[in-house]
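Right, one structure below, let's go through it.
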Amino acid sequence: MPTNLPQPSQSQAHRSQDHRAQAQRSQDHRAQAQRQGPAQSKTLAKAPTEIPNVAAFGSGAPIKPGPGFNDYPMDSQAVFRLALEAMSKPAQAIPFDFGALFKTAPPLPRAVAALALTLADHLTPVWLSPSFAATENFMVFHTSAPIVRDPEKAALVLAASQSELPPLSLLSQGDPRYPDRSATIVLAGVLDDPSPGLSLLASGPGLAEEIIFEGHGLTEAFVDQWALNRASYPLGLDVILAGNASLAGLPRSLALKPKDGRA
Amino acid sequence: MPSTEPVLERKRLMRALALGREDRLIELMGQLGDLPPFEYLRKPQKGLVMVKARADAHNAPFNLGEALATRCSLSVNGNVGHAYVLGDEPTKCLAAALADALAQDPDYRPAIEQIALALEMDLARERAAKLEKIQKTKVEFFTLVRGEDAD
């Protein structure tokens with residue numbers, strides 16, 4: 001790379017960290033790091049560092065597209081593998097470090113952004129829940145996915161919380177000849193919800209015996225809808241719960257019932 | 001993206017940046033001095049694009065073949081620059097995207113326009129030189145002496 005082009009600000013940060021780690025360095029290397037210092041801190045100060053609250057994304061103004069994965073092919077494959085694991089070991093939080101995927105925080109919660117960039121392409125109509133609506137530019141830039149206003153037409157539904165999720169029966173259930181054409185839901189705000197919520201018993205393919213699933217943010221209404229969803233097998237929706245540092249899959253084959261034995 | 005600038009202007013600018021020669025582009029960009037830091041939105045990545053062609057203005061387009069292209073997007077102080085260039089040209093693509101982003105900054109706009117104009121001039125000169133070279137080999141069939149008139 002020719003020297004007269006500036007380096008990307010993020011790799012500047014990386015390089016100057018290397019400089020710090022290696023104490024014995026020549027004078028001009030140190031001078032270079034110093035010269036890059038102010039510019040680098042300015043850029044880093046501007047970049048959002050933490051996602052404070054999902055609801056903060058609903059401010060309405062469109063967000064300019066920011067950077068996506070650090071390494072698109074490797075990262076998207078890692079996340080795809082993770083999603084497969086979550087779906088094959090249902091109702092269990094599978095840990096994953098989403099922070100390592102993005103140098104700059106994406107406008108969506110990291111796990112949601114990671115799944116969206118992995119699963120969506122130009123043939124995947126995406127529906128964004130109101131809190132995520134302002135991130136349309138980010139989605140379109142990185143995935144070319146068509147953004148639909150009508151949740152029925154979506155193949156991928158990104159919802160910030162259960163209260164923003166459309167009724168499951170409204171979403172695409174798939175075709176009897178092509179059950180795979182149903183919608184996949186990525187639901188944030190459930191896995192890390194600190195409220196006590198429901199204790200559920202989960203069973204189905206992928207589970208040798210019934211396990212307890214702490215569906216913190218899930219409501220009884222969701223559990224009732226889920227029973228209907230399962231009854232329509234092989235049609236039905238698949239849900240991936242996106243936490244801060246884990247995913248949990250709720251495939252359509254999964255049975256959920258309240259632990260207290262309510263029918 | 002909503003923009004106040006006329007579409008044709010940016011299109012012309014991006015065309016010049018994408019078609020210009022890499023060494024020239026980098027030389028001219030280097031003359032701008034220290035440039036502000038940028039953030040990659042999409043690192044230079046190469047891929048194939050389908051080139052469509054038409055045999056005639058009223059014929060249906062057909063797929064001529066695939067061409068290798070490089071694309072890159074980055075942001076400088078919130079201005080997003082894009083570049084698509086033919087071939088495996090990550091450095092040129094980066095420079096072109098950077099120039100496109102800087103062109104949206106009023107401070108840099110005149111300088112980038114000068115660069116684009118210089119590249120356009122180069123392209124015109126190259127084209128003229130090529131035409132001249134071809135012109136020499138043009139055969140004027142009607143001046144050839146026909147066999148039966150030779151004796």
Using the structure shown, decide if B:Ala116 is touching a residue at least 60 places away in the same chain (Cβ under 8 Å) and not in a strand (DSSP E or B).
-> yes
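Table: residues versus (1) closer than 21 Å to A:Ser172 by Cβ; (2) in contact with a Leu (Cβ under 9 Å, 6 or more places away or on another chain).
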position	(1), (2)
A:Gly68	no, yes
A:Val79	no, yes
A:Leu82	no, yes
A:Phe96	no, yes
A:Phe102	no, no
A:Pro109	no, no
A:Val112	yes, yes
A:Asp121	yes, no
If you go through the stretch A:202-215 one residue at a time, do you hit one that is in a strand (DSSP E or B), surrounded by 19 or more Cβ atoms within 10 Å (Cβ to Cβ), assigned by TED's automatic domain parsing to the domain that holds A:Trp127 and aliphatic (A, V, I, L, M)?
-> yes
Scan the stretch A:77-92 residue by residue and report those that are modelled with pLDDT of 95 or more and of a type in the set (Gly, Ala, Ser).
-> A:Ala78, A:Ala83, A:Ala86, A:Ser88
So which residues in the stretch A:173-199 are surrounded by 21 or more Cβ atoms within 10 Å (Cβ to Cβ) and farther than 16 Å from A:Ser163 by Cβ?
-> A:Ser182, A:Ala183, A:Thr184
Would you mind stating whether A:Leu170 is under 16 Å from A:Val186 (Cα atoms), touching a residue at least 12 places away in the same chain (Cβ under 8 Å), touching a strand residue (DSSP E or B) at 6+ places or on another chain (Cβ under 7 Å) and not aromatic (Phe, Trp, Tyr)?
-> no
Among the residues of the stretch A:122-140, is any under 15 Å from the mean Cα position of the chain (by Cα), within 14 Å of chain B (Cβ to nearest Cβ), surrounded by fewer than 23 Cβ atoms within 10 Å (Cβ to Cβ) and of a type outside the set (A, V, I, L, M, F, W, C)?
-> yes
Scan the stretch A:59-72 and give yes if some residue there is over 22 Å from A:Asp192 (Cα atoms), surrounded by 15 or more Cβ atoms within 10 Å (Cβ to Cβ), among the hydrophobic types (A, V, I, L, M, F, W, C) and out of contact with any Lys or Arg (no Cβ under 8 Å at 6 or more places or on another chain), otherwise no.
-> yes
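A quick yes/no check of all residues on (1) touching a strand residue (DSSP E or B) at 6+ places or on another chain (Cβ under 6 Å); (2) within 14 Å of chain B (Cβ to nearest Cβ); (3) crowded, with 21+ Cβ neighbours inside 10 Å:
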| position | (1), (2), (3) |
| --- | --- |
| A:Lys89 | no, no, no |
| A:Phe98 | no, no, yes |
| A:Thr143 | no, yes, no |
| A:Pro146 | no, no, no |
Exactly one condition in (1) more than 30 Å from A:Glu220 (Cα to Cα); (2) without any contact (Cβ under 8 Å) to a residue 40 or more places away in the chain; (3) more than 14 Å from every other protein chain (Cβ to nearest Cβ) is not met by A:Thr118; state its number.
-> (2)
Given B:Asn59, B:Asn77, B:Asn63, which one is closer than 30 Å to A:Met74 by Cβ and surrounded by fewer than 21 Cβ atoms within 10 Å (Cβ to Cβ)?
-> B:Asn77
Take the residues in the stretch B:7-34 that are part of a loop (DSSP other than H, G, I, E, B) and of a type in the set (Gly, Ala, Ser), then tell me which one is nearest to the other protein chains (Cβ to nearest Cβ).
-> B:Gly33
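The values are calculated or read from the model by the stated rules, or taken from the named source; none is laboratory data. Fair warning: this is a prediction, and the values are worked out from it, not measured in the lab. Using ideal geometry, Cβ is built from the backbone for each residue, glycine included, and neighbour counts are taken over all protein chains shown.
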